[in-house]
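Asker: Have a look at the structure that comes next, please.
The numbers here are math on the coordinates, done by the rules we state, and not lab data. Bear in mind the structure is a predicted one, so any value in this text is a computation, not a measurement. All Cβ positions, glycine included, derive from the backbone under ideal geometry; neighbour counts span all protein chains shown.
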Amino acid sequence: MDFNFESKSLKNKAGLQTSEQTDSNIVNIPVQLYVKNLNYYTTSGSLKQHFEKACPVQSVKIPVSFGRGRGYGFVTVKDKQHAQRAVNMLNDSLLDGRIIHIEIAKNRSIVKASEQIYKNDLIAMTQQKEQPQF
């Protein structure tokens, strides 16, 4: 089997150096799409059916509060190519009376980690200021 690797040096959101490898022969990684401006009564089934016009769908998640959707959802597709096709075909399309907006979801784990570090630093600074000086 012939592997064709391409390596890029990147900086993630936390400013750490990372390496990205791509290979057409390696199993593709599923991609999650963020869909906003959904009708509050759009169902997972209707969202899946809408996206299947562009590509096969692996899963659909619409967060619910008080018995209705929250106006956004997530659709997981097979790979980056399918994700890009879905964005190109369905972004700004009409679903259940609303124009939906689609983007490739961002990995929140790095952002959450950096936010937690920032919060911990703020707490430590606040506690230092509150300590009485003798």
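Asker: Would you mind checking which residues have amide H under 5 Å from Asp79's amide H? H placed 1.01 Å from N; only 5 or more apart, or other chain.
Answerer: Result for Asp79 returns Val31.
Asker: Please compute the modelled spin-label separation between Met89 and Arg68, points set 7 Å along Cα→Cβ, answer in nm with one decimal.
Answerer: 3.0
Asker: Sticking with this structure for a sec: Please report the Cα spread of the stretch 50-104 along all three principal axes, rounded to whole Å, starting with the longest.
Answerer: 35, 21, 17
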